[in-house]
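Below is one structure; the comments refer to it alone.
The values are calculated or read from the model by the stated rules, or taken from the named source; none is laboratory data. Keep in mind that what you see is a predicted model, and the values were worked out from it rather than measured. Cβ: placed from backbone, ideal geometry, glycine included. Neighbour counts: every protein chain shown.
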Amino acid sequence: AATKTYNIVLLPGDGVGPEVTRAARDILRVIGDFYGHHFEFSEHLIGGAAIDATGEPLPEATRAACVASDAVLLGAVGGPKWDGGKARPEQGLLAIRKAMGLFANLRPLQVSPVLAHRSPLKKEIVEGVDLIVFRELTGGVYFGEKTRTADRATDLCEYTVPEIERVARAAFQTAQQRRGKVTSVDKANVMETSRLWREVVTRIHAEEFPDITLEHALVDSMAMHLIRKPREYDVILTENMFGDILSDEISVLGGSIGLLPSASLGAGGPGLFEPIHGSAPDIAGQDLANPVGIILSAALLLRHSLKLEDEADSIEAAVAAVLAAGAVTADLGGALGTRAATEAVIDAIRAIH
Ligand code: NAI
Ligand code: MG
């Protein structure tokens, strides 16, 4: 079969971003060799690195390359060097999400039995957790009209039917590939936007995904359930602000921020994939960063943007094998550096094939 070429934009960014981005690129090259794909990488500036070079956190060349790509893999942005400056690195992230039309943010969490003891929760509660959060990214109170007088402030919370429909479909489609359950989170007892949310999710379920189990939960009780019985959840679907809060709660269940990937998806165009951690300036440039978060983000890139499911599965299986073998970085109590931990994943990919 002819080798297919995929254009992947790399945005290394700041701090540990370049180190972990290199790790993910090396893994993708190995996967390309095994499966006969050609991944064409082009590197562009974002965040503090872009401010230093051009004065802007998202240069036009970066925006154009991302929009024209098949997928974008980002390291991290920010750091003390740019704090208090006029142009801020995080503006680059917000701008690229907007330019790419990304409306759903996905955060999977799997807690492997070997790492369950690192969780702040009891091992028997978190062992075997396997869930994914779908957070709506473009609507809700963060983007509504804001007003301010000396003694009064308002933030408008607004959602439209199409905004809810598209993220609900994405969540139901993912549930079909998983255990077939969606928990939709809202505050329908008090908020009108939540009542609309619940109506639309219920209708999309009945019309298009009757094979999926749908349940509704109120966000306050969901915050409790997530630490009492996180194993019960498969796909969690929610609006922007609730998703922001719940995904941070979920991110600590697993024990290390260095392990977790994320994806932001739009309507058919390229997605943006990044680890959930920041630029970790305290360990940058020392070969200490855990590359697993971005390596699992590369697996999400293969699955969601390139539709290469077997390739994604093989990265995830290799990561599970190295975690089980204890071939890990210092944040997980291991002795490996970023490069050696990446090599361990590459060896595990070779062992699988
Ligand atoms: P952080 O995630 O960069 O670091 C928090 C702690 O976790 C640090 O002790 C760090 O060493 C550790 N850590 C993070 N990633 C790790 C990895 N891969 N391996 C091992 N240890 C890891 O969050 P922090 O310190 O709040 O922010 C640092 C900078 O990153 C700030 O400028 C912040 O604005 C930015 N940031 C950027 C994000 C992004 O690019 N999406 C997200 C969060 C923060
Ligand atoms: Mg947050």
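Residue check: Ile250 meets all listed conditions (1) among the β-branched types (Val, Ile, Thr); (2) under 24 Å from Thr174 (Cα atoms); (3) at pLDDT 95 or above but one, namely (3).
The C-beta contact set for segment 8-27 (first residue not assigned by TED's automatic domain parsing to the domain that holds Glu40 and modelled with pLDDT of 95 or more, second residue outside any helix (DSSP H, G or I) and surrounded by fewer than 24 Cβ atoms within 10 Å (Cβ to Cβ), distance under 7 angstrom, 6+ apart or interchain) is empty. Residue under question is Val252, and the condition is that it be more than 29 Å from Thr160 (Cβ to Cβ) and either within 16 Å of ligand 2 (Cβ to nearest atom) or not assigned by TED's automatic domain parsing to the domain that holds Ser69 (or both); does it hold? Judged against the criteria, Val252 is a match. None of Ile8, Ile51 is touching a Phe, Trp or Tyr at 6+ places or on another chain (Cβ under 8 Å), under 26 Å from Arg339 (Cα atoms) and among the β-branched types (Val, Ile, Thr) except Ile8.
How many residues are in a helix (DSSP H, G or I) and crowded, with 19+ Cβ neighbours inside 10 Å when one looks only at segment 288-313? Don't jump to the end; show me each part of the working.
Kept after step one, since they are in a helix (DSSP H, G or I), are these residues of segment 288-313: 292-305, 309-313.
Retained after the next criterion (residues that are crowded, with 19+ Cβ neighbours inside 10 Å): 292-305, 311-312.
Count: 16.
Checked against (1) closer than 25 Å to Ser262 by Cα; (2) modelled with pLDDT of 95 or more, Arg203 passes all but a single condition, namely (1).
Within segment 255-292, being within 9 Å of the chain's Cα centre (by Cα) and either of a type in the set (A, V, I, L, M) or within 16 Å of ligand 2 (Cβ to nearest atom) (or both) holds for Leu260, Pro261, Ser262, Ala263, Ser264, Leu272, Glu274, Pro275, Ile276.
Rundown of residues vs (1) assigned by TED's automatic domain parsing to the domain that holds Asp248; (2) modelled with pLDDT under 95, yes/no style:
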{"site": "Lys123", "(1), (2)": "no, yes"}
{"site": "Thr138", "(1), (2)": "yes, yes"}
{"site": "Glu158", "(1), (2)": "yes, no"}
{"site": "Leu218", "(1), (2)": "yes, no"}
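When you check Pro113 against the structure, is it part of a loop (DSSP other than H, G, I, E, B) and surrounded by fewer than 20 Cβ atoms within 10 Å (Cβ to Cβ), yes or no? Spell out the reasoning first.
Details: part of a loop (DSSP other than H, G, I, E, B): yes; surrounded by fewer than 20 Cβ atoms within 10 Å (Cβ to Cβ): yes.
So Pro113 passes the test.
For segment 314-353, give me the residue count where each residue is in contact with a helix residue (DSSP H, G or I) (Cβ under 6 Å, 6 or more places away or on another chain), surrounded by fewer than 19 Cβ atoms within 10 Å (Cβ to Cβ) and outside any helix (DSSP H, G or I). Matching residues across segment 314-353 total 1. No other residue among Gly255, Gly269, Gly285, Gly278 is under 28 Å from Gly78 (Cβ atoms), in a loop (DSSP other than H, G, I, E, B) and more than 16 Å from ligand 1 (Cβ to nearest atom) apart from Gly269. Considering segment 1-57, the residues that are farther than 17 Å from Val72 by Cβ and within 16 Å of ligand 1 (Cβ to nearest atom) include one that is surrounded by the fewest Cβ atoms within 10 Å (Cβ to Cβ), namely Asp52. Exactly one residue out of Ile164, Ile96, Ile125 is at negative phi and surrounded by fewer than 18 Cβ atoms within 10 Å (Cβ to Cβ): that is Ile125. Asp220 fulfils the conditions (1) free of Cβ contacts under 8 Å to residues at least 60 places away in the same chain; (2) touching a helix residue (DSSP H, G or I) at 6+ places or on another chain (Cβ under 6 Å) except for a single criterion, (2).
Could you say which residue among Thr238, Thr202 is out of contact with any His (no Cβ under 6 Å at 6 or more places or on another chain) and either within 16 Å of ligand 1 (Cβ to nearest atom) or touching a residue at least 24 places away in the same chain (Cβ under 8 Å) (or both)?
Numbers: Thr202 fails: either within 16 Å of ligand 1 (Cβ to nearest atom) or touching a residue at least 24 places away in the same chain (Cβ under 8 Å) (or both).
The unique qualifying residue is Thr238.
For segment 74-89, the candidate set comprises residues that are touching a Phe, Trp or Tyr at 6+ places or on another chain (Cβ under 9 Å) and not in a strand (DSSP E or B); within that set, the residue that is surrounded by the most Cβ atoms within 10 Å (Cβ to Cβ) is Pro89.
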